[in-house]
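Enquirer: Just dropping this structure here.
The values are calculated or read from the model by the stated rules, or taken from the named source; none is laboratory data. None of the values given here were measured: they were computed from a predicted structure. All Cβ positions, even for glycine, are placed from backbone atoms using ideal geometry, and neighbour counts span all protein chains on display. Heads up: the accessible areas ignore ligands, DNA and RNA and are worked out on the full protein's heavy atoms, side chains in. Shrake-Rupley method; radii C 1.70, N 1.55, O 1.52, S 1.80 Å.
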Amino acid sequence: MLWYILRRVLQVIPVFLGATLLIYFMVFALPGDPIAALGGDRGLNPAVADAIRARYHLDQPFFIQYLYYLQGIFTGDLGTTFSGQKVSDILGRTLPVTFRLAVMAIIIEAIVGILIGLVAGLRKNGVFDTVSLLLSLVLISMPIFVLAFLAQFVFGIKLGWARTTVSGDAPLNELILPAFVLAFFVVANVIRLTRTSVIENLDADFVRTATAKGLSRPRIIRVHVLRNSLIPVVTLIGTDFGLLIVGATVTEGIFNVPGVGNTLFKAIILSEAPTVVSFVTVFVIVYLLSNLLVDVLYAFLDPRIRYGK
Amino acid sequence: MRTIKIGSALGGLVLTTALVLTGCATDSGGTTGGGDSSAVITVNGSEPQNPLVPTNTNETGGGKILDAIFAGLVYYDAEGAPHNDVAESIETDDSQNYTITLKADQKFSDGTPVTSASFVDAWQYGALLSNEQLSSYFFESIEGFSYDEDSELSGLKIVDDNSFTVKLKQPESDFPLRLGYSAFFPLPEGALDDAAAYGENPIGNGPYMLDGDSAWKHDVSLKVIPNPEYKGDRVAQNGGVDFIFYATQDAAYADLQGGNLDVLDSVPDSAFASFEGEFGDRAINQPAAIFQSFTIPQGLPHFSGEEGELRRAAISMSFDRQQITDVIFEGTRTPATDFTSPVIDGYSDKLDGADVLQYNPDEAVKLWAAADAISPWDGSFQIGYNADGGHQGWVDAITNSVKNTLGIEASGNPYPTFAAFRTDVTDRTITTAFRTGWQADYPALYNFLGPIYATSAGSNDGDYSSSEFDALLKEGAGEPDIDKANAIFQKAQEVLLKDLPAIPMWYSNVSGAYGADVENVKFGWNSVPIYNEITKQ
């Protein structure tokens, strides 16, 4: 198992190199000269523009620029933005906020999704099941910005239950509303998957055996049905974590959360290669690690699963 | 000019000015009118794109913070009229040599004195090429300035601690009017030893100062509190201003509706139709010092010489400015009648030839036919724009109208990003007409004309050149009497109305709103609220 984890972690290295190269190239290929835009409609003094270009190595060919970037990374320097801030500082400031938001969303998603899915599965084709199906359909078909604007308008402006946007330090209580929005964006899949899985396990041999042994129904559901039903659900939630970190951009924009999404969006508009590449690379690594975590959890939940050498 | 932060507004050049009196009731039983002098006003802002060094800030996010924490030689009131701030007097006999005297006992917020060296050193730093300052061009008219090499401003001479002299390259009577712009702010001694560190935590001499070392929370907010050392006219009537940085204007608007924001200086496009109904007399919507046009480059086939004059006039008359501002912008733009802005002293809507800016399809068809007689039209008329700036609506409206009126092919020519658009404009590789916008740096007619239409001027993106216009511009710049100078600039504009190097479209309005708790909200000529006068219950 340890060997397996180590091997998976080592795999991150080539992925990291490939991802940075690819993303750096994509930013490089963006049309237009980012320095030309710095002056707005007035345009910059050409000599000043040239000097700034040279400072960021933008006057060099692509591969040289990329090597400068890599050289920076290996000396612990992720580069600077056009405004002179260190990218590592920005990451250190914004990543924890987005991380917190994503974790809250995952917790909400897991609790709500598994609970509704379980009840719906136990009372297959009942009223609750039908209502949950309808709810899932509505949530699945609603774009996240509609959900976010709606939540902001109803709970923030009309009812006043939550702050309309998140203030500076992004305290937990202010993140609840955006976390719910994020969670509800992905919760429908969890509901449907839990339900199907529960129904399948209710008919399984080991559940019939447990019933025959005279175990109480709550115990059967908790230990035999639920635990076995959770295996596919955990996989889904695990990959959702990566999705939520990456996909928080829209929600962060609407609720003005000072997280990675907002910053990345701004950096893309400005064609700020060091920021974009560093952020996206972190996303890639988070995604890889959360997938690894899921695979490890998998083995833990289902002792039948063993990873070979 | 200051550019709006690109990411935040997604509006390229959606900006904002105005003045409005408040009439809101108090509901807490507090005193009416007075306000709480310790209350902190929350206003919208955006993360400054550069460290807060005055000569390196050319966008609104950093600009409005600088205006709050610095006092220049002059400041502008709501109507754009200059008043002495740090300056005791600014004197000249010939509009070329100026003697500037400072008020005595002026101090920065850290207690160090504001001397003539504070200004001269800051300007020298800002102008030096190798310092790569984004606003260096502001010093171009001072003797010794060079765009191509490091060169000291030899026109600046310190007389004593409280006075210095400025020698310009040629007479420019509106020079004193420029001195309220942030590029001309003073810097305390030692600030420039490490400009980047200074820019993180700037020490100024304005009505406000940063609230401690951690006042600037990056990407989140920046809080300023009253500066006890400030002795000028703009003393703060409140307990400070908290600039909240928003990624989108929609989020700022939601906060205003939700009561978390006191003053919003630019309403998002999505609320154009509703904000005046929602905020009533707490909504602001009137012309600002922002001029919008599209430029037809002089080198474009069929658009030069006599033929070009006819075609330019025909295109200008073939779309209805009033209808487009009403329908697409919900009245948040004002149709243009000249090349400047109604908020600028000297503006006139009665210029000779201004009827070319009226919708007149019959005349347009006639002019177009006359041009065809010189050389038959071929090809398509296109307007280039950046698609990330919300410009598609009006570009499509204008080109459709041109198409229907003149019976020619016409369409928009979108660029994916502002950077891509500016690159083609700067390199002169653009082969269509293109959108142009101008937000004034200081409230004077010259600022709308000289930098854009003078031969080889820095922002003359259409390469317009007219000896008649250049001569009038020069005459106006050297005329010490401001009214006489404005009359000359109006003549110069009449030349532009004939040649139409750019087709004027409209002036952007300042569209803002404020909450029920605040009073005395006025907007300056530059679309930024006058923060120090705002009071809060």
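Enquirer: Ranked by accessible surface with a 1.4 Å probe, highest first, in what order do B:Arg178, A:Arg304 come?
Expert: A:Arg304, B:Arg178
Enquirer: OK, next. In whole Å, what is the distance between the alpha-carbon centres of the stretch A:1-32 and the stretch B:311-384?
Expert: One Cα centre to the other: 54 Å.
Enquirer: Students often forget the sequence filter, so: which lysines lie under 25 Å Cα-Cα from A:Lys124 once same-chain residues fewer than 8 apart are removed?
Expert: Cross-link targets: A:Lys213.
Enquirer: For the stretch B:464-535 and the stretch A:88-163, what is the separation of their Cα centres, given in Å?
Expert: Measuring centre to centre over Cα atoms gives 50 Å.
Enquirer: Given R₀ = 51 Å, FRET efficiency for B:Asp281-B:Glu309 by Cβ-Cβ distance, to 0.05?
Expert: 0.65
Enquirer: With all protein chains present and a 1.4 Å probe, how do A:Arg55, B:Arg333 order by accessible area, largest first?
Expert: The most accessible residue leads, giving A:Arg55, B:Arg333.
Enquirer: Assign unit charges at the C-beta atoms only (+1 for Lys and Arg, -1 for Asp and Glu), then state the dipole size of the stretch B:418-503 relative to its Cα centre in Debye, rounded to the nearest 20.
Expert: The calculated dipole for the stretch B:418-503 is roughly 200 debye.
Enquirer: Compute the acute angle (0 to 90°) between the alpha-carbon long axis of helix A:87-122 and the principal axis of greatest extent of the alpha-carbon atoms of chain A; round to the nearest 10°.
Expert: 20
Enquirer: On to the next question. Can you tell me the 0 to 90 degree angle between the C-alpha axis of helix A:172-202 and the longest principal axis of chain A, rounded to 10?
Expert: Helix A:172-202 sits at roughly 40 degrees to that axis.
Enquirer: Given an 8 Å cut-off on Cα distances and at least 6 residues of separation, report the relative contact order of the stretch B:288-509 as a percent.
Expert: 36
Enquirer: With the crude spin-label approximation of a point 7 Å out along Cα→Cβ, what separation in nm comes out for B:Glu149 versus B:Ser214?
Expert: 5.0
Enquirer: Under a cut-off of 24 Å between alpha-carbon atoms, report the lysines in cross-link reach of B:Lys231, not counting same-chain residues fewer than 8 places apart.
Expert: Those lysines meeting the cut-off are B:Lys64, B:Lys103, B:Lys107, B:Lys223, B:Lys522, B:Lys536.
Enquirer: Here is a further query. What do you reckon, how do A:Trp161, B:Trp216, A:Trp3 stack up by accessible area (1.4 Å probe), largest on top? Please report the intermediate quantities before stating the final value.
Expert: Details: A:Trp161 190, B:Trp216 25, A:Trp3 140 Å².
In descending accessible area the options line up as A:Trp161, A:Trp3, B:Trp216.
Enquirer: If you line up the long axis of helix A:227-247 against the longest principal axis of chain A, both from Cα atoms, how many degrees apart are they, to the nearest 10?
Expert: 20
Enquirer: Measuring from label point to label point, each 7 Å out along Cα→Cβ, what is the B:Ala369 to B:Lys403 span in nm?
Expert: Simple spin-label model gives 2.4 nm for this pair.
Enquirer: For n ≥ 4 DSSP H runs only, could you compute -39500 (n - 2.57) per run for chain B, divide by its residues and tell me the 222 nm figure to the nearest 500?
Expert: Roughly -8000 deg cm²/dmol at 222 nm, from the helical runs in chain B.
Enquirer: Also, quick follow-up: For A:Arg7, tell me the accessible area in Å² from a 1.4 Å probe, rounded to the nearest 10.
Expert: 90
Enquirer: For the pair A:Val12 and A:Val146, what calculated FRET efficiency results from E = 1/(1 + (r/R0)^6), where r is the Cβ-Cβ distance and R0 = 41 Å, to the nearest 0.05?
Expert: Here the calculated transfer efficiency is 0.70.
Enquirer: What average count of beta carbons from other chains do you get within 10 Å of the Cβ of residues in A:83-94?
Expert: Shielding by partners across A:83-94 averages 3.
Enquirer: Lysines within cross-link reach of A:Lys266: Cα-Cα under 19 Å, excluding same-chain residues under 8 positions apart?
Expert: A:Lys86, B:Lys5, B:Lys217
Enquirer: Moving on. Given the options A:Pro46, A:Pro274, A:Pro96, state which has the largest fluctuation in a GNM of chain A using a 10 Å cut-off (strictly under) for Cα springs.
Expert: In the Gaussian network model the winner is A:Pro46.
Enquirer: With an 8 Å cut-off on Cα pairs and a minimum separation of 6 or more residues, tell me the relative contact order of chain B in percent.
Expert: 24
Enquirer: If you take the accessible area of A alone, add that of B alone, and subtract the area of the pair, what total do you get in Å², probe 1.4 Å, to the nearest 100?
Expert: Heavy-atom accessible area buried at this interface is about 3800 Å².
Enquirer: Nearest 0.05, what FRET efficiency do B:Glu140 and B:Asp345 give at R0 = 22 Å with Cβ-Cβ as r?
Expert: With a Förster radius of 22 Å, E is 0.45.
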